[in-house]
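Single-structure report; data block below.
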Amino acid sequence: MSVKGKTAVITGSNSGIGLGIAQELAQAGANVVLNSYTDNKADHALADEISRVTNTKARYIQADLSKGDQARALIEQAGQVDILINNAGIQHVAPIDEFPAEKWDMIIAIMLSSVFHTTAAAIPMMRKAGWGRVINISSAHGLTASPYKSAYVSAKHGVVGMTKVVALETAREPITANAICPGYVRTPLVEAQIPDTAKKYDMTEEEVIEKVLLERQPSKEFATTEQLGGVAAFLCSDAAAQITGTTISVDGGWTAL
């Protein structure tokens, strides 16, 4: 089955991984709903540009995913959700005994609780349509851990667990649920970190990429947003109809270590 004419809602998709996935799905013929917590001309212009380039319907819906009612409202405003991509995320790094409680609450709300709310609201739509795909963007940190990232690692592990639950609850239906687990991806957010990190450690930018950012990524190459979009498109295909409740790592061998 083609994704042509299907509607995909992608959370956290006005930049980076989410935008890359939205662009790939639109190129494959899906109508897409972009989302973030901001609501400005640039956000809506992104949707307009996707529509122009792919000749599909694309629109932008603002929602603060730290609030459960807004996460559910996003799905309701979309009207139809055949493909749900839960991607929104933030990060904070600190030792657990110094980790601000408000940062913990925010990260868990945006990266774990919102996945519950959007999925709970979208599954009835998928059942009514007789087809659906839930694709959660977890992380290599959904399968392993690093120090100082207690909230992020907890949220990403939780997303993997929730993915399995949803897969089991929909196993007898034409609905699948899977998690994509990227390693480091060269997004604008990561790109912006490189010069500052180089100054901090007195390294060249090339050394920062290999010895700091990609230290645990054996391929020593970033994954790309296009690759993640391709994996998402594959999970929406007929070839993936019996792939459910699992994780697909796009991490250059990180979790093989």
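Looking at GLY183, GLY142, GLY132, can you tell me which residue is touching a residue at least 24 places away in the same chain (Cβ under 8 Å) and in contact with a Cys (Cβ under 6 Å, 6 or more places away or on another chain)?
Numbers: GLY183 fails: in contact with a Cys (Cβ under 6 Å, 6 or more places away or on another chain); GLY132 fails: in contact with a Cys (Cβ under 6 Å, 6 or more places away or on another chain).
Selected residue: GLY142, the only one of GLY183, GLY142, GLY132 that is touching a residue at least 24 places away in the same chain (Cβ under 8 Å) and in contact with a Cys (Cβ under 6 Å, 6 or more places away or on another chain).
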When you scan the range 209-219, do you find a residue that is under 22 Å from the mean Cα position of the chain (by Cα), among the aliphatic types (A, V, I, L, M) and under 30 Å from LEU168 (Cα atoms), even just one?
no
Of the residues in the range 104-143 that are closer than 21 Å to LEU25 by Cβ and hydroxyl-bearing (Ser, Thr, Tyr), the one that is surrounded by the fewest Cβ atoms within 10 Å (Cβ to Cβ) is THR119
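Yes/no matrix, rows are residues, columns are (1) over 28 Å from PRO174 (Cβ atoms); (2) crowded, with 17+ Cβ neighbours inside 10 Å; (3) over 17 Å from the mean Cα position of the chain (by Cα); (4) not small (Gly, Ala, Ser):
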| site | (1), (2), (3), (4) |
| --- | --- |
| ALA22 | no, yes, no, no |
| LEU25 | no, yes, no, yes |
| SER36 | yes, yes, no, no |
| ASN40 | yes, no, yes, yes |
| ALA45 | yes, no, yes, no |
| ALA58 | no, yes, yes, no |
| GLN62 | yes, yes, no, yes |
| ALA78 | no, yes, yes, no |
| ASN86 | no, yes, no, yes |
The residue that is surrounded by the most Cβ atoms within 10 Å (Cβ to Cβ), considering only those in the range 191-220 that are in contact with a Phe, Trp or Tyr (Cβ under 9 Å, 6 or more places away or on another chain) and in contact (Cβ under 8 Å) with a residue 24 or more places away in the chain, is GLN217
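Provide a single number: the residues in the range 1-14 that are open to solvent by 60 Å² or more (accessible area, probe 1.4 Å), among the polar types (S, T, N, Q) and in contact with a helix residue (DSSP H, G or I) (Cβ under 7 Å, 6 or more places away or on another chain). Write out each step before concluding.
Step one: filter the range 1-14 for residues open to solvent by 60 Å² or more (accessible area, probe 1.4 Å), giving 1-2, 4.
Filter once more, so that each one left must be among the polar types (S, T, N, Q): 2.
Cutting the leftovers down to in contact with a helix residue (DSSP H, G or I) (Cβ under 7 Å, 6 or more places away or on another chain) gives us none.
Result for the range 1-14: 0.
Could you list, in sequence order, the residues of the range 119-142 that are in contact with a helix residue (DSSP H, G or I) (Cβ under 8 Å, 6 or more places away or on another chain) and part of a helix (DSSP H, G or I)?
In the first step, residues of the range 119-142 are kept if they are in contact with a helix residue (DSSP H, G or I) (Cβ under 8 Å, 6 or more places away or on another chain); the result is 119-123, 125, 132-142.
Residues satisfying the conditions are THR119, ALA120, ALA121, ALA122, ILE123, MET125, ALA140, HIS141, GLY142.
Going by the conditions given, is ALA47 of a type in the set (A, V, I, L, M) and in contact with a strand residue (DSSP E or B) (Cβ under 7 Å, 6 or more places away or on another chain)? Let's see the steps before the verdict.
Working: of a type in the set (A, V, I, L, M): yes; in contact with a strand residue (DSSP E or B) (Cβ under 7 Å, 6 or more places away or on another chain): yes.
Judged against the criteria, ALA47 is a match.
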Review point. Is there a residue being in a helix (DSSP H, G or I), under 17 Å from ILE85 (Cα atoms) and of a type in the set (S, T, N, Q) anywhere in the range 190-200?
Key: no
Of the conditions (1) within 20 Å of the chain's Cα centre (by Cα); (2) under 26 Å from VAL81 (Cβ atoms), the single one that GLY252 does not satisfy is (2)
Those residues of the range 179-212 which are touching a Ser or Thr at 6+ places or on another chain (Cβ under 8 Å) and within 29 Å of ILE248 (Cβ to Cβ) amount to ALA179, ILE180, CYS181, PRO182, GLY183, VAL185, ARG186, THR187, PRO188, LEU189, VAL208, VAL212
PRO188 vs (1) modelled with pLDDT under 95; (2) over 30 Å from ALA122 (Cβ atoms); (3) open to solvent by 50 Å² or more (accessible area, probe 1.4 Å); (4) not hydrophobic (A, V, I, L, M, F, W, C): all pass except (2)
Selection from the range 173-188 of residues under 15 Å from the mean Cα position of the chain (by Cα) and of a type in the set (A, V, I, L, M) yields ALA177, ALA179, ILE180, VAL185
Of the residues in the range 208-257, those that are touching a strand residue (DSSP E or B) at 6+ places or on another chain (Cβ under 9 Å), more than 25 Å from ALA192 (Cβ to Cβ) and in a helix (DSSP H, G or I) come to PHE234, LEU235, ALA240, THR255, ALA256
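Quick check on the range 223-232. Is at least one of its residues at pLDDT 95 or above and more than 17 Å from ASN87 (Cα to Cα)? Quick ask: steps written out before the conclusion?
Step one: list which residues in the range 223-232 are at pLDDT 95 or above, which gives 223-232.
After this cut, where a residue has to be more than 17 Å from ASN87 (Cα to Cα) as well, the list is none.
Scanning the range 223-232 turns up no residue that is at pLDDT 95 or above and more than 17 Å from ASN87 (Cα to Cα).
The values are calculated or read from the model by the stated rules, or taken from the named source; none is laboratory data. Since we're looking at a predicted model, the values are computed, not measured. Methodologically, a virtual Cβ is constructed for each residue, glycine included, from the backbone with ideal geometry; neighbour enumeration extends over all protein chains shown. Protein only, heavy atoms only, side chains kept; ligands, DNA and RNA dropped before computing areas. Shrake-Rupley method; radii C 1.70, N 1.55, O 1.52, S 1.80 Å.
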